[in-house]
Amino acid sequence: MRTIKTLHVGPLETNCYLICNPQTEQLLIVDPGAEPDTIREEIRATGMLPAAILLTHGHFDHIGAVRELLSVYDIPVVASRAAEEFLSDLSKVAPAGSEEYFHEAQLHFPVSKYADHEELVEYAGFPITCLATPGHTSDGMCFFFPTEGVLFSGDSLFMESVGRTDLPTGDAKQLIASVREQLYRLPDATLVFPGHGPATNIEFERRYNIFTWEKGQTKAAGAALREAKKAEKAKKPLVKD
């Protein structure tokens, strides 16, 4: 049985995930955005060895600890095909206003695998489907674990929201299309672990995320859905992080 450990790192409290596989005694690191010493301590506490780093996109708050972790662990870094261009431009990685949190030297790390859309890879004993989801950034990629029924959505999809699109390479229409055409086709019960904030699931977001509604879902429908959502939350929590 896999376990998922969530670490909140850096000034933006990015969700860095450790996905542990007791059968292989290995784990995967998703979006190590900052605090490499904290991440290393948590890895040691698991008693497992890291097998790879998965990057959902190239913003500084999701990649800030990669270089230091690679100085300790000889493991591959996996990112989207579009990340090769994105990661070469500091102004995209660390937009104006974030310079105090990120230095150019942190960009100097190798990416072992630039994954294509719908490419299947395997690390730590987990088959993983790579889903390109541009919109928040041009290099957005989500990682779906079909045998586990979990998705790591980065800043593409949050609980009842989506990522901002006002930064370099952002595109609102493209992001909504990515969520609808790639993520909402996954099984309803798929647990979604985003880059910030609480976990959710695909069915919940398809029903209640007003940012992704199809044309024709009216305000009246929204009010009805909010009431239904309140009733559901009163019964039990959606997921436990």
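Tabulated data
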{"read-out": "Estimated 222 nm signal from helices in the chain, with DSSP H stretches of n ≥ 4 weighted -39500 (n - 2.57), rounded to 500", "value": "-6500 deg cm²/dmol"}
{"read-out": "Total lysine pairs whose alpha carbons fall under 28 Å of each other in the stretch 3-235 (8 or more apart, or interchain)", "value": "18"}
{"read-out": "Listed peptides 190-197, 99-106, 177-184 by packing density, highest first (mean Cβ within 10 Å)", "value": "190-197, 177-184, 99-106"}
{"read-out": "Efficiency of FRET between residue 108 and residue 181 - r from beta-carbon atoms, R0 30 angstrom, step 0.05", "value": "0.30"}
{"read-out": "At R0 = 22 Å, FRET efficiency that the Cβ-Cβ distance of residue 210 and residue 172 yields, to 0.05", "value": "0.95"}
{"read-out": "Quotient of C-alpha Rg and 2.2 N^0.38 Å, computed over the chain", "value": "0.99"}
{"read-out": "Cβ-based net charge around residue 36, under 12 Å, with every Lys or Arg adding one and every Asp or Glu removing one", "value": "-3"}
{"read-out": "Fraction of beta bridges assigned by DSSP in the stretch 3-235 that are antiparallel (%, nearest 5)", "value": "65"}
{"read-out": "Spin-label model distance (nm) - residue 74 vs residue 6, 7 Å beyond Cα toward Cβ", "value": "3.5"}
{"read-out": "Distance between modelled label sites at residue 120 and residue 13, nm, 7 Å Cα→Cβ extension", "value": "3.8"}
{"read-out": "Estimated dipole of the stretch 3-235 in Debye, rounded to 20 [Cβ of Lys and Arg +1, of Asp and Glu -1, Cα centre]", "value": "1020"}
{"read-out": "Lys, Arg +1 and Asp, Glu -1 on Cβ, resulting dipole of the stretch 46-158 about Cα centre, debye, nearest 20", "value": "140"}
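Values in this text are rule-based calculations from the coordinates and carry no lab data. This structure is a prediction, so every number in the text was calculated from the model and none was measured. We place every Cβ from the backbone using ideal geometry, glycine too, and count neighbours over all the protein chains shown.
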